[in-house]
Amino acid sequence: MKIAVLGGGPAGLYFAISMKLRDSAHDITVYERNRADDTFGWGVVLSDETMSNFDDNDPVSEKMIRDKFAYWDDVKVVRGEESMTSGGHGFCGIGRKQMLLLLQERARQLGVSLEFETEITPERINELKASNDLLVAADGLNSRTRSQFEDKFKPEIDMRQNHFVWLGTHQKFDDAFTFIFEKTEHGWIWAHAYQFDDDTATFIVECGPETYKAFGFDTLDQDASRKLCEKIFAAHLGGHELMTNASHIRGSAWIRFPRVTCENWYFDNVVLLGDASATAHFSIGSGSKLGMESAIALADELNSDKPLGQALQDYQDERKLQVLRVTSAARNSTQWFEEVERYLSLDMMQFNYALLTRSQRISHENLRLRDPEWLASAEAWFQQKAGSNSTRSPMFAPFKLGQMDLVNRVVVSPMAQYKAKDGMPTDWHFVHYAERAKGGAGLVFTEMLCVSMEGRITPGCPCIGPEQVPVWERLVDFVHTETPAKICAQIGHSGRKGSTRLAWDGIDHALPEGENWPLLSASAIPLMDGNVVPKAMDRADMDKVKTQFVDAVKAADAAGFDMIEMHAAHGYLLASFISPITNTRDDEYGGSLENRMRYPLEVFAAMRDAWPSEKPMTVRISAHDWMGDEGVTPDEAVKVSAMLKEAGADAINVSSGQTDKKEQPIYGRMFQVPFADQVRQEIGLPTLVAGNIYEPDHVNSILMAGRADLVLLARPHLADPYWTLHAAVELGDTEQEWPAPYEGGRRQANTLAERAKAMAQ
């Protein structure tokens, strides 16, 4: 193939090398606008795993790079006068200029033509497209090729809020990859520092937009800006200067990070590579890694004897998914640094842990593999803060909510069963909840218990009132007698989402004609076409329903429940007042958030007054309607939570969505955790969280990083009522108690786990 590569950065050069290794007959020319030894970055970071991939692809260039590496194993976090170091992270640093020269040398060895100081105009791009079998656009973050064919690639560029500047220093930071956080008169500012050769380190300075403006970095020239950064971080520079190599840039060298994604990576015979197709934030150090690994994948496909179009399509299909995993982690890391001031008041141990796990690529047990001694100290710290002398994982730490003591942080999430008969719970409910209470979780939630027959979601939903007290009391007595678990009654009213079929008969679909019942909501908006149109509640309806909530609370107390939760999420009655999607009222209960919260707060106050003061009460909210600015947003959810805190809520159960069928949620592992995290940090109230959490690792990471206080698992508990007991076995935790009749099972499970571990070593 005759191939033109636009851009002589790591991705473009490594692609040319990889193609020549597979077939030396390829005619490849790399065009670079700068001189051969120009570079405007400082160091490049690569992990041990990445270097292993390079070794498999080309041992020669891998050795050339490795021989010039600065290597470190530790990550050090410095915050003011405090510092903490953890090990086992295994990173390598090399100067970007050094790396480019090595890759240029290797490319020439293999017969690649390199043309420097070549300006590529739109006309030249068209010419190269026409005169080559393939045009590879490795022309970087500001890709001219991508811009020229924007209608083909369909890029999206998300300009992130923080400002940063790439600097260097002869203070080597050769003991660890170092994060430095300094509190100044204008707010927090921080640095990412790492060695990349014998006497030089990269020193990236970053801050939020308010601090950036307050320091006047937007008006300072490069030299003044450099000197100011030098002054701010003087205590860490050992008398060394900060250096810039961005003199080619007019004005300030400070930039904001553009997160680039493209719907398409190729068209005709043009393909994007590296930063031109997708970017990963510098805080996870994966830009060069992604580009070079994509180069390997592209070379593999192009040498697979497939037609060009098929090879490019297969490359896009496979590699786009791989890149998405890294760029998603980079997005998490980017957002963490954008919100870092939220975490800077955390204890140093927790702050350090939160920083290390910010991208979600490093998990709790992964940290144990990296530095078991440090993680053990972190777990002991967490247990101590919880009032325990144990060294068990965070999920097994006790927790006190109000006056209620929980033996651990694992919670069985509310899960509708649709097995009630005329509002009455059945033996199904007793067995279902009793089994999960025996399974080791510290707290068990009921599904939403409806305050009236008209407030049911489906004909299979249970109620709570005087008639149901004996049935619920039997369950509560069993839980208290036979298990250490506590049990919570979640209380709610379906609102416009009522009068629908059982889930397996068509979730949210209206009942057959003649079986429906009248509905109430904030406004007369049906859930879907064909569903019952609810009545917009008047004052008499509000008073009636509030009384029903109070009666339900009294019934929950009579049944002996340890805790109650007011359900104000997922588009049900109280949530329908909170969301502007479902509340279009023009009276004092509609419009502003304060007005929309008026009735939910009124109901909360009545419930709280009827519930014993020593027993906790929480509220479940939807922190995101997933409908842009039209619905509730996470920032607005913080305000909702603050109002509920002021009203007396002991904790907020942070969920999201299910408000309207037009929602566009973004799912993923632990996808609701950021909302719980934001509420917890910003209003200083405990949070509970659920949402695609299914591994002990997830639970421990959430808790240890301080992102929530209790973790709810739904589907895992449907699949395994004894999830907590089995999680303890998986973690090698032999302190976990099992019900006495199951002691033989506990011993066998632990023995088998130990045997499997020994055989795996």
(message) I need the full set of residues from region 658-677 which are more than 14 Å from the chain's Cα centre (by Cα) and acidic (Asp, Glu), in order please.
(response) ASP660, GLU663
(request) May I ask you to say which residue of SER24, SER18, SER52 is part of a helix (DSSP H, G or I), over 34 Å from the mean Cα position of the chain (by Cα) and either in contact (Cβ under 8 Å) with a residue 12 or more places away in the chain or under 20 Å from PHE177 (Cβ atoms) (or both)? (result) SER18
(request) Could you tell me whether region 564-576 includes any residue that is over 16 Å from HIS493 (Cβ atoms), modelled with pLDDT of 95 or more and either open to solvent by 40 Å² or more (accessible area, probe 1.4 Å) or not acidic (Asp, Glu) (or both)? (result) no
(request) Mind listing whichever residues of region 673-689 are open to solvent by less than 10 Å² (accessible area, probe 1.4 Å) and either assigned to a loop (DSSP other than H, G, I, E, B) or of a type outside the set (S, T, N, Q) (or both)? (result) VAL673, ALA676, ASP677, VAL679, LEU688, VAL689
(request) Give the residues of region 417-428 that are in contact with a helix residue (DSSP H, G or I) (Cβ under 7 Å, 6 or more places away or on another chain) and either open to solvent by 20 Å² or more (accessible area, probe 1.4 Å) or closer than 19 Å to LEU713 by Cα (or both), sorted by residue number. (result) GLN417, TYR418, LYS419, MET424
(request) For region 649-660, indicate whether the set of residues that are over 23 Å from ALA397 (Cα atoms), out of contact with any helix residue (DSSP H, G or I) (no Cβ under 9 Å at 6 or more places or on another chain) and part of a loop (DSSP other than H, G, I, E, B) is non-empty. (result) yes
(message) I need every pair where a residue in region 458-480 that is at pLDDT below 95 has its Cβ under 7 Å from the Cβ of a residue that is open to solvent by less than 10 Å² (accessible area, probe 1.4 Å) and in a helix (DSSP H, G or I), sequence separation at least 6 or different chains.
(response) none
(message) For a quick check of your reading of the model, give me the residue pairs whose first member lies in region 486-507 and is under 22 Å from GLU435 (Cα atoms) and of a type in the set (Val, Ile, Thr), whose second is part of a loop (DSSP other than H, G, I, E, B) and open to solvent by 20 Å² or more (accessible area, probe 1.4 Å), with beta-carbon atoms closer than 6 Å and at least 6 apart or on different chains.
(response) ILE487/ASP562
(message) For region 507-537: of the residues being of a type in the set (D, E, K, R) and within 17 Å of TYR572 (Cα to Cα), which is modelled with the highest pLDDT?
(response) LYS535
(request) Among the residues of region 356-374, write down those that are part of a helix (DSSP H, G or I) and farther than 20 Å from LEU710 by Cα. (result) LEU356, ASN366, LEU367, ARG368, LEU369, ARG370, PRO372, GLU373, TRP374
(request) Output the residue which, of all residues in region 320-338 that are charged (D, E, K, R) and at pLDDT below 95, is most open to solvent (accessible area, probe 1.4 Å). (result) ARG325
(request) Quick one: count up the residues across region 389-404 that are of a type in the set (Gly, Ala, Ser) and either under 26 Å from the mean Cα position of the chain (by Cα) or surrounded by 24 or more Cβ atoms within 10 Å (Cβ to Cβ) (or both). (result) 2
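Looking only at region 161-172, how many residues end up being under 27 Å from PRO258 (Cβ atoms) and more than 29 Å from the chain's Cα centre (by Cα)?
Qualifying residue count, region 161-172: 3.
Checking the condition outside any loop (DSSP other than H, G, I, E, B), over 30 Å from ALA201 (Cβ atoms), open to solvent by less than 20 Å² (accessible area, probe 1.4 Å) and touching a helix residue (DSSP H, G or I) at 6+ places or on another chain (Cβ under 7 Å), which residue from LEU135, LEU128 passes?
Among LEU135, LEU128, only LEU135 is outside any loop (DSSP other than H, G, I, E, B), over 30 Å from ALA201 (Cβ atoms), open to solvent by less than 20 Å² (accessible area, probe 1.4 Å) and touching a helix residue (DSSP H, G or I) at 6+ places or on another chain (Cβ under 7 Å).
The values are calculated or read from the model by the stated rules, or taken from the named source; none is laboratory data. Just so it is clear, the structure is predicted and the values come from calculations on it, not from any experiment. Cβ sites come from the backbone with ideal geometry, for glycine too, and all protein chains shown count toward neighbours. With ligands, DNA and RNA removed, areas are computed over all heavy atoms of the protein, side chains included. Shrake-Rupley method; radii C 1.70, N 1.55, O 1.52, S 1.80 Å.
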